[in-house]
1. Among (1) 85, 57, 48; (2) 78, 63, 47; (3) 94, 72, 47, only one was calculated for this model; which label is it, if the read-out is Cα extents along the principal axes in Å?
2. Using a 10 Å cut-off on Cβ atoms, rank the peptides 85-92, 227-234 from the highest mean neighbour count down.
3. Calculate the length of the line joining the C-alpha centroid of the stretch 97-113 to that of the stretch 308-343, in whole Å.
4. With runs of 4+ DSSP H residues as the only contributors, calculate the mean residue ellipticity of the chain at 222 nm using -39,500 (n - 2.57) per run, divided by the residue total and rounded to the nearest 500.
5. In terms of solvent-accessible area of protein heavy atoms at a 1.4 angstrom probe, what is the ranking of His439, His319, highest value first?
6. Which value, in debye to the nearest 20, describes the size of the charge dipole of the stretch 331-373 about its Cα centre when Lys and Arg Cβ atoms bear +1, Asp and Glu Cβ atoms bear -1, and nothing else is charged?
7. Subtract the Cα-Cα distance of Tyr43 and Lys557 from 0.36 nm times their separation in residues, and report this length gain in nm to one decimal.
8. In straight Cα distance, which lysines are under 17 Å from Lys49, not counting same-chain residues fewer than 8 positions off?
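The values are calculated or read from the model by the stated rules, or taken from the named source; none is laboratory data. If you're wondering where the values come from, they're calculated on a predicted model, not measured in any experiment. We place every Cβ from the backbone using ideal geometry, glycine too, and count neighbours over all the protein chains shown. Side chains are part of the model used for accessible areas, which takes the heavy atoms of the whole protein and leaves out ligands, DNA and RNA. Shrake-Rupley method; radii C 1.70, N 1.55, O 1.52, S 1.80 Å.
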Amino acid sequence: MNGAIVLGRNEKPALKMCRLLEFFGVQSYVHNGADCWNQLLSYPANNEKVRLFGSAQKVLDLLENIDKTSERRRFWNSRIHSIFVCNEAPAELAAALVRKITGDQEAGVHYAIATEFRISDSHEFCGPMSGVECSTRGVGDDVCVLKADTGENIVSSPEGPVFARLLYDNVPIFVSTAGVIDIDSELGTRDFDIRDHFLSATPIVMYIKWALADSCFKQAETSACLIIDDPPLKPRYGFVDFEHLNELMWRHHFTCSLAFIPWNWRRSDSRVVRLFKKNPGRLSLSVHGCDHTEREFGIQNGEQLRWKVLCAAQRMKRHEFKTGLHHDPVMVFPQGVFSKSAMLALKGSEFIGVVNSEVISADSERCPIKIRDYWSVGLMNYDNFPIFTRRDPWQGVENFAFDILLGKPCIAVVHHNDCHDDCRHVVEFIDKLNRLNAHLAWGDLGTVVRRSFRQRKLSSNAVEVEMFGKEILLENTGDETKYFCVRKRESAPGQIEAIRAGIKSVDWTNAPDGISFRIKLKPGHSQIVRIAYRDLSANGIGPENSFAGTDVVYWAKATVRRYLCEIRDNYVMGKTFSHSHL
């Protein structure tokens, strides 16, 4: 495991860097004082090289005192792997540091107005961000730009580099001209947009994932899926032609999950059902609400919500019995609207997770969401039942690339109107995703949820795993038996009825902030592990005796809404269509 040392105890830049390291699972040590050489020299003597993090001022102090003893010089030459520098002080300090590193008195930094940035094609360092271009939204803001004739530019603007790799006595020093993002600050908006935080987030995350690759949690694979909201299983709905879509998926290598409204369970066309059956995994179904009425999962009434969850599940089972077509037990909220009570109702059901564009609930007292919560593989703020975030293509490939860098799944969403011009705009975007420096494992939403977890190697035959969904798919691709030490955040372990690997029960224990258990897998074997929670809807609530089961007015309104939406999508929108954001 690689070591990380942060320079400057109790200073804001140091605290923010420590939070970032902790988020990625890296243990860090904070050294205090202007001259931290004595503390560095007391670092355990082993074969491990250290990674240093500090502000321009702290690293400048370090370099200016390097030659006071031969012991310091030996430590520098043999023990330091690389250094990350942020600039949260006046530009003069960063300029002085650059001059010290390069030995060029003409080098330094200067201010410029820049909103367009490009990341280099250095695949080893930049990962999925390699070659990505980003237009930030801080129009008119001054950006600190490096002025140096040596080094390797990693992030550049038309005005010059803003993140570069310099060398000082053969030790790489990665200099960012910006400050560091505070992941403990509140999200503030409906999602995290890298275009608002590009310079403060991208350089340090790329560095951590590169320099501390052996210590960081990483994803087992980058799961990916395209979701199309709303259409029933008809040969054509609005601009969606399923036969043509299937041809495009084979040609451009992607998968599609239809967010299917359970209200439509009786209305599937046999030709489309056959198409889905012939292409399992590539064409799949997830669950889009229940009746898809306005804010149907945004209410707080627990009894009504439990009925909606049960009704949606029962309808999907009837659809499966009627058509033989399997569905993934993953909920996609209509309009993205949900309440905390809705998440609790889903947790006590057969659903294994939520995929949604929104992460802020519709409750009057909203749960505070931090940036670190959104960055997580699955957002766990609502009774530790996960929301896996999805994005619209108009948010830009840079947001998808950054999500992949963080270890999140790559989930995109479109609607039927985005499929105009024979889906040309959709497949152009998919091609951009597939060109990223990341291997996307396209699959259905059930597989995406089960394979979206973090892991890191503990030893040759042990892996630490952080689980998010109610089900996880573990695989041993090695040539020796492995033990998977799984932990999951859980605020109420008493709600757990059982943990099962296949049909076998798994022993589990309470752990800090959650639960833990261990799974043993032989070489080449895989196993789905499921957490079953106590049925929170075991009060006789169901379609026959619920608030809506005997409410003719409710059913009439839901039916009228569904038919009017189909008239709009199939006939009105085609004539009044204006180009989408794609």
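1. Given (1) 85, 57, 48; (2) 78, 63, 47; (3) 94, 72, 47, the calculated one carries the label (1).
2. 227-234, 85-92
3. Here the answer is 58 Å between Cα centres.
4. -9000 deg cm²/dmol
5. Values: His439 155, His319 0 Å².
Most to least solvent-accessible, the answer reads His439, His319.
6. Rounded to the nearest 20 debye, it is 140 debye.
7. 178.1 nm
8. Result set, ordered by chain and number: Lys209.
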